[in-house]
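Heads up, the thing below is written out as structure tokens.
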Amino acid sequence: MSVPREELAPERRDFFHCAIQNRDGQRCFYCHRHFRRRPMRRKTLDHYIPHRYWPAWELDNLVLACERCNSAKGDNLPWPLVWLLLNTFFRRDNWGLAA
Ligand SMILES: [Zn+2]
């Protein structure tokens, strides 16, 4: 079941845009393309861990993404995180079967 997204006030959205730009620069977090050099690429706020798993607007979980990357990622976990989780879970020494 998905959690309804809380409405984000424009001032808060602007705050997040500024804070994330100061932290990460003017680039899409995923494809690294510069927003200023490509004005057609609209900046969007993206929940790195999707909103359905972490239903809050918190700076630690927000990145700027171009529309293309944001819609490609959709509501899925980002691949680096999936890889990390799988790698941690499936390590032989985590099975309790290590010889
Ligand atoms: Zn992108």
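Can you give me the distance in nm between label points at His17 and Leu45, each placed 7 Å from the Cα along the Cα-to-Cβ direction?
It is 1.1 nm.
Extending each Cα 7 Å along its Cβ direction at Asn61 and His34, get the distance between those two points in nm, one decimal.
With each label placed 7 Å out from Cα toward Cβ, I get 3.3 nm.
So what are the three principal axis dimensions of region 10-74 from its Cα atoms, in whole Å, longest to shortest?
32, 25, 19
Values in this text are rule-based calculations from the coordinates and carry no lab data. Keep in mind it's a predicted model, so treat the numbers as computed, not measured. Ideal geometry is used to build each Cβ from the backbone, glycine not excepted, and the neighbour counts take in all protein chains shown.
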